[in-house]
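Shown next, in structure tokens, is the structure this report addresses.
Derivation of every value follows stated rules applied to the coordinates shown; laboratory data play no part. Remember, it's a predicted structure, so these values are computed and weren't measured experimentally. Don't worry about glycine lacking a Cβ; one is built from the backbone with ideal geometry, like all the others, and counts go over all protein chains shown.
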Amino acid sequence: MFLSSFSYDLLLKEEKMGKTIGIISIKGGVGKTTVASSMATDLANNFNKKVMLIDANYSAPNVGLHMDIVSPEKTIHDVIAGRARIESAIHKRFGVDVVPGSYFSNKELNYLKLKDKIAKVKGDYDFIILDSSPALNEEVLSAMMASDHLFVVTTPDYATLSCSLKAAKLARQRGKPISGIIVNKIRDPKYEIDLENIEKVMEIPVIARIPDDKNGVRALFNKMPLPVYNKNSSISKEINKLNSALTYNIEPMSLWKYLFGKNFKKEEVNRSLLKESFYTSLFAGKTLGNEK
């Protein structure tokens with residue numbers, strides 16, 4: 001069933017329930033937090049969506065550094081510990097409701113409570129983005145179990161890809177299959193694993209392919225998410241294309257490619273398929289106006 005973006009918006013309003021997206025990787029340094037903060041701010045500022053961004057990397061939270069929250073009064077740690085309601089831990093930055101982590105918390109918490117905490121506010125948002133822990137432990141499991149969809153961020157090298165395989169295996173074991181792979185920090189394709197082999201090994205479609213971009217370092221230095229710091233950076237543009245699929249909008253492309261469908265890249269095709277499947281369960285059995 002084909003739906004217009006207008007019908008998509010009506011259907012989401014009818015359902016009164018947002019989507020929780022977990023951004024995962026079990027290896028540090030792949031740019032996971034950059035992707036999560038970029039997705040959140042792009043959805044809020046370029047698609048007019050109400051978005052919550054949660055730092056679910058409890059041991060080493062970094063979302064606050066990307067979103068200019070240096071000294072948060074209340075954090076996700078307070079929420080999980082039951083010391084604060086999730087609404088009171090919100091810090092509004094760059095059009096996004098951000099729930100940061102505590103940089104100095106060392107208390108043991110039941111991280112699996114995250115899903116229940118999110119459930120209390122989920123109906124107030126179009127999207128809730130979770131930045132998870134880069135470790136194969138209970139922390140990343142809490143993000144997996146709290147998410148409706150999971151995207152794994154990887155770099156195109158063997159060491160990181162092996163870790164990504166472990167993350168995918170854990171997700172499948174918990175009944176939370178990965179919806180797509182975001183390949184980040186592409187530097188020298190001649191000496192990196194290509195998209196086709198990544199998909200073959202992972203058995204998961206690549207939905208974004210992002211070149212290494214110095215703007216990422218510059219944005220973090222200025223404590224700003226990339227779509228705000230530089231909307232024309234390669235990261236910002238690719239994230240915007242991915243978010244177009246998630247919001248049921250037409251992906252930005254040249255008129256020639258749009259009219260004649262030539263020279264589509266594999267990740268563009270995958271995003272088109274993701275666009276049609278992302279809300280399959282939501283669309284099932286529903287009719288809007290004259291849509292068929």
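The table that follows gives values for the structure above.
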| quantity | calculated |
| --- | --- |
| Value in Å of the Kirkwood radius, where the stretch 111-220 supplies the Cα pairs that are averaged | 15.2 |
| Modelled FRET efficiency - R0 22 Å, ALA159 with GLU196, Cβ distances, 0.05 increments | 0.70 |
| Percent of beta bridges antiparallel (DSSP, the chain, rounded to nearest 5) | 10 |
| Convex hull of the stretch 5-283 built on C-alpha atoms - directionally averaged projected area, nm² | 14.1 |
| Estimated [θ] at 222 nm from DSSP helical runs (n ≥ 4, -39500 (n - 2.57)) normalised by residues in the chain, nearest 500 | -11500 deg cm²/dmol |
| Relative contact order (%) - criterion: Cα under 8 Å, at least six apart; region: the stretch 5-283 | 23 |
| Alpha carbon centroid spacing (whole Å) that separates the stretch 46-120 from the stretch 231-254 | 26 |
